[in-house]
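Only one structure is covered here, and it is reproduced in the block below.
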Amino acid sequence: MGYNSKIAAVLGNGPSRKFYDPSKAYAYRLGCNIPWTDVDATLISDDNIVVLWHKNHDLIKVPTYFSRKTWMFTDELKTFRPFIKQFKLFAGVFDRHPNESSGNAAARKLIDLGYKELDIYGCDAYFTATHGYNLKSYTREFIPGIDMINNSYKWKLFWDELIKKHPEVKFNFIKE
């Protein structure tokens, strides 16, 4: 397939990530937390991901966007920031909105970068959002025991708000 300079991919961590085709060309592929496939960059909004990465520097090998709170947290890990800077893994800082998932934040970042069409994988809250639904996530393979009940509903509402706010952007939620 040819290179498409207009379409970017959000690679979330929910079950629908299995429909991602790595042979499909994208202008930019932005992962969430710990990437499960090749990405151009990833986005972290949780301190516990940073703690894992600090313990295992091979966990993430791509430039990373940090939420402002999480970037401030990295200052507590004295050897982490020098590692990030040495290997050019700092992509930037973003402000995380209340009730925003890493998938929501990744889409927002891509919009900020100027993309007008997004293929979105693994952001299953968009399809399954109900109160009391415990969303499955690849991230749970690294951080077990964190209950995500009710987050899917909040994340779906954020998706709806983001779509309404950006009518110029085509959001393609891929689930099959």
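Regarding the stretch 68-120, what are the three Cα extents along the principal axes, ordered largest first, in Å?
38, 25, 15
At q = 0.09, 0.12, 0.21 Å⁻¹, work out log10 I(q)/I(0) for the stretch 7-173 with the Debye formula, treating every Cα as an identical point scatterer and leaving solvent out; two decimals please.
Each listed q corresponds, in turn, to -0.28, -0.50, -1.54.
Just add up the charged neighbours of K116: K/R +1, D/E -1, any other residue whose Cβ is under 15 Å from the Cβ of K116.
Local charge sum for K116: +1.
Values quoted throughout were computed directly from the atomic coordinates according to the rules given, and no laboratory measurement underlies them. All figures in this text were calculated on a predicted structure; none of them were measured in a lab. FYI the Cβ positions are ideal-geometry reconstructions off the backbone, even for glycines, and counts take in every protein chain you see.
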